[in-house]
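Take a look at the structure below.
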Amino acid sequence: MGLDKKPTLHDYWTRHPVLHSSFAPKVMVREGFLSILAFLHINDNDSFVPHGQPDYDPIQKIRPFVDYLNAKFKEVYQPQREVCIALLHNTIFKFFSELE
């Protein structure tokens, strides 16, 4: 689950000093997370492709949701040329200022 890998899901909420995580318990209680995990289904498990197979998609369980969000984001946000140039302009100057 993210960058902080634990042996089991329950270990994200443990109080054991070696496995303690400060992020997960602050965001949500364990039982709430496990309920969401158990009941939220976005994709059909019958079409699940195992890791290592040719059509494997790392986010296949949430792919329909990601595709839906991407489509909506494209509808709502249309970047302008000036925005891209401004971002590129700031990045270039930041890069060159770090070289000095």
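Overview of values
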read-out: The one condition in (1) at pLDDT 85 or above; (2) under 23 Å from Leu3 (Cβ atoms); (3) exposed (fewer than 10 other Cβ atoms within 10 Å of the Cβ) that Ser22 fails to fulfil; value: (1)
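Conditions tested, residue by residue: (1) within 20 Å of the chain's Cα centre (by Cα); (2) without any contact (Cβ under 8 Å) to a residue 60 or more places away in the chain; (3) exposed (fewer than 11 other Cβ atoms within 10 Å of the Cβ).
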{"residue": "Trp13", "(1), (2), (3)": "yes, yes, no"}
{"residue": "His16", "(1), (2), (3)": "no, yes, yes"}
{"residue": "Ala38", "(1), (2), (3)": "yes, yes, yes"}
{"residue": "Ile62", "(1), (2), (3)": "yes, yes, no"}
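The values are calculated or read from the model by the stated rules, or taken from the named source; none is laboratory data. Predicted model only: the values in this text are computed from it and were never measured. Neighbour counts are summed over all protein chains in view; Cβ atoms, including those assigned to glycine, are modelled from backbone coordinates with ideal geometry.
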